[in-house]
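Since the structure comes first, as structure tokens, the remarks are kept for the end.
The values are calculated or read from the model by the stated rules, or taken from the named source; none is laboratory data. Remember, predicted model here, so these are calculated numbers, not experimental data. With ideal geometry, Cβ positions are generated from the backbone for all residues, glycine too; neighbour counts draw on all protein chains shown. Accessible surface is based on the protein model in full, side chains and every heavy atom, while ligands, DNA and RNA are left aside. Shrake-Rupley method; radii C 1.70, N 1.55, O 1.52, S 1.80 Å.
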Amino acid sequence: MASQLEIPHLSTGKVFRQAICDRTALGKRIEKLMESGLLVPDETVVEVVEETIAKPQYSNGYILDGFPRTLKQARSFDQTLKNRGEALDLFLSIHVPEQELIQRILHRGEGRSDDTLEKIKVRLQVYEKETAPVLEHYKNSGVLRSVDGTGSVDDIFDRIIHALPVH
Ligand code: AMP
């Protein structure tokens with residue numbers, strides 16, 4: 001999606017996995033949490049996002065993947081955007097039934113240590129408790145769009161393109 005639209009993409013999960021792989025101080029701090037399927041502390045995530053979007057290549061827009069994941073992160077990010085004189089164009093929520101989601105994750109073959117059934121269940125619980133309220137937050141500000149995430153990659157891509165404010 002990011003490469004087709006030529007918009008820089010930031011996946012917070014990917015940044016954290018790389019930090020763990022590189023055995024940086026950040027990686028060591030968050031390794032246990034991530035491997036148990038729990039969230040990294042809000043302050044840490046917000047710091048990574050703020051540092052990244054401050055880079056010049058992010059000055060014309062960006063796609064954030066997996067952020068914000070808690071109400072605290074959302075409120076802090078709202079403030080960051082305000083300070084930058086920017087506004088969120090879209091908060092995209094891609095819906096997949098739980099059983100299908102579990103099967104996809106189990107079979108995606110990325111070798112992630114949090115892709116076991118036990119950890120996936122923890123992650124789904126964390127989603128319900130911490131992330132579901134974020135959807136409500138952005139629904140209230142009018143930027144939430146939901147798309148059906150079932151079917152082929154091409155179908156889902158098409159639905160996402162049509163959910164964009166300008167397409
Ligand atoms: P993901 O690659 O988006 O599935 O994220 C993998 C893991 O990285 C999550 O289970 C969390 O441990 C951590 N993580 C990624 N993004 C966030 C975030 N916005 N807030 C807290 N933890 C995060």
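Which of the lysines could a cross-linker span from Lys119 if the Cα-Cα distance has to be under 24 Å and same-chain partners fewer than 8 positions apart are dropped?
Reachable lysines: Lys14, Lys28, Lys32, Lys72, Lys129.
Per-residue counts of other Cβ atoms within 10 Å, averaged by peptide: what ranking do you get for 116-124, 21-29, highest first?
116-124, 21-29
Express the accessible area of the chain per residue in Å², computed with a 1.4 Å probe while the remaining protein chains stay in the model.
Value returned for the chain: 63 Å² of accessible area per residue.
If you wrap a convex hull around the alpha carbons of the chain, what volume per residue comes out, as a whole number of Å³?
For the chain, the hull spanned by Cα atoms encloses 128 Å³ per residue.
Would you mind calculating the gained length between Lys28 and Leu135 on full extension (0.36 nm times residue separation, minus the Cα-Cα distance), in nm to one decimal?
Computed gain between Lys28 and Leu135 is 35.5 nm.
Beta carbons within 10 angstrom, averaged per residue: use that to sort the peptides 9-17, 94-102, highest first.
9-17, 94-102
Which Cα, out of Val46, Pro56, Tyr138, lies furthest along the positive dipole direction of the chain (beta carbon charges, K/R +1, D/E -1)?
Of Val46, Pro56, Tyr138, it is Val46.
Percent relative contact order of the range 11-167, based on C-alpha pairs within less than 8 angstrom and at least six residues apart?
Worked out over the range 11-167, it gives 26 percent.
Report the gain in length on full extension from Leu71 to Arg104: 0.36 nm times residue separation, minus Cα-Cα distance, nm rounded to one decimal.
Extra length available between Leu71 and Arg104 comes to 9.2 nm.
Ser93 to Gln79: extension gain in nm, 0.36 nm per residue of separation minus the Cα-Cα distance?
2.9 nm
For the range 1-61, give the percent of accessible area contributed by carbon and sulfur heavy atoms, probe 1.4 Å, rounded to a whole number.
Carbon with sulfur: 52 percent of the solvent-accessible area.
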